[in-house]
Amino acid sequence: MPLVGWPDLRRLVDAQAPLLSAPHPGSRGLCDVCHGPARRGSPRCFTCDLHHQCAGDGLADVVVPVAFAVKGGPHARILWQYKSPRLTATARASPAARLRALLLVFLRDHGACLWKAAGITGPSHIAVVPTARGRPGVHPLRELIDGYLALPRAALSAQPSGLQVRDLDPERFAACPLPKARVLLLDDTWTTGSSAQSAAMAMRRAGASSVITVVLGRHVGRADAEAAGIDPAAMQFRQRSCAVHDDAAADR
């Protein structure tokens, strides 16, 4: 299938934008790490605070969700659908095509914001968080970006295990040697962030000097949002902004 050009990619994002919500920079009630609902009176959510206590500087430098995946909402549904072979064929408006457009346009528009937030000039490698279930074949998210992002791949694999682990685990993934690498780590969903942060820890252990994690959807449940005193669905998705938006960086 031929690669989709920027005008078509942006049109796909324009069509989705009215249905999406996303964290705004500096919003109160959001976690400083994952930009989901924080605990009242705390700069982080419970899980990110626990991860920080366990791993500290071994985690990702920056985590930025492209959009919220509000439970029961359209973006959460697309993130579930895009892994279905029946729905990811060749249609330009398929769930996979829409997520590809959303990710690529986001990186084009806001990559500079991410690099500045992490204190780097740009990534040297790219990686995708492997599925926890050991799905055979190429990860669906990697299929989305094949042919579009030219960065060298940082090999990352799930360690053999019959267990479905949901906690932070530095041994869950293995990474190839990455001396002083600056890795752009991609994941489709973030619920607790344990998989993405475990992957970041593996790449740190392999020598990476920085890890910037971009997530297509930060899952948000109603109870967590209400406890934090926020309404994620009311935070309209803004193509000209991101969770760590910097006007000067974006203009470059």
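What follows draws every value from the coordinates through simple rules; no lab data is involved. Just so it is clear, the structure is predicted and the values come from calculations on it, not from any experiment. Using ideal geometry, Cβ is built from the backbone for each residue, glycine included, and neighbour counts are taken over all protein chains shown.
For the reader, a short list of remarks on this structure follows.
- Structure-based [θ]222 nm, the chain - -39500 (n - 2.57) summed over DSSP H runs of at least 4, per residue, nearest 500: -10000 deg cm²/dmol
- Length added when fully stretched, W6-L19, from 0.36 nm per residue minus Cα-Cα: 2.6 nm
- In order along the stretch 37-43, phi translates into HN-Hα couplings of x, 8, 6, 4, x, 10, x Hz, rounded to whole numbers, per the Karplus curve 6.51 cos²θ - 1.76 cosθ + 1.60 with θ = phi - 60° and x for Gly and Pro.
- Cross-link partners for K180 among the lysines, with Cα-Cα distance under 29 Å and sequence neighbours closer than 8 places in the same chain left out: K116.
- About the Cα centre, charge dipole magnitude for the chain (Lys/Arg +1, Asp/Glu -1 at Cβ), debye: 460
- Distant-in-sequence amide contacts of V128, defined by a placed amide H-H separation under 5 Å and a gap of 5 or more residues or a different chain, comprise L186.
- By the rule of a C-alpha distance below 16 Å, with chain neighbours fewer than 8 residues away ignored, the aspartates and glutamates paired with K71 are D188, D224, E226, D231.
- Cα shape, the chain, gyration tensor, a/c 1.5 rule: rounded
- Less than 5 angstrom separates the built amide H of V211 from those of D61, V62, V183, all sequence-distant by 5 or more or on a different chain.
- Shown in residue order for the stretch 65-82 are the 3J(HN,Hα) couplings computed by the Karplus curve 6.51 cos²θ - 1.76 cosθ + 1.60 at θ = phi - 60°: x, 5, 8, 7, 10, 5, 3, x, x, x, 6, 4, 5, 5, 5, 7, 6, 5 Hz (x for Gly and Pro).
- Distance between the 7 Å Cα→Cβ label points at L151 and C54: 2.5 nm.
- Relative contact order computed over the chain (Cα-Cα under 8 Å; 6+ residues apart), in percent: 32
- In terms of other Cβ atoms within 10 Å, V244, V183 run from fewest to most in the order V244, V183.
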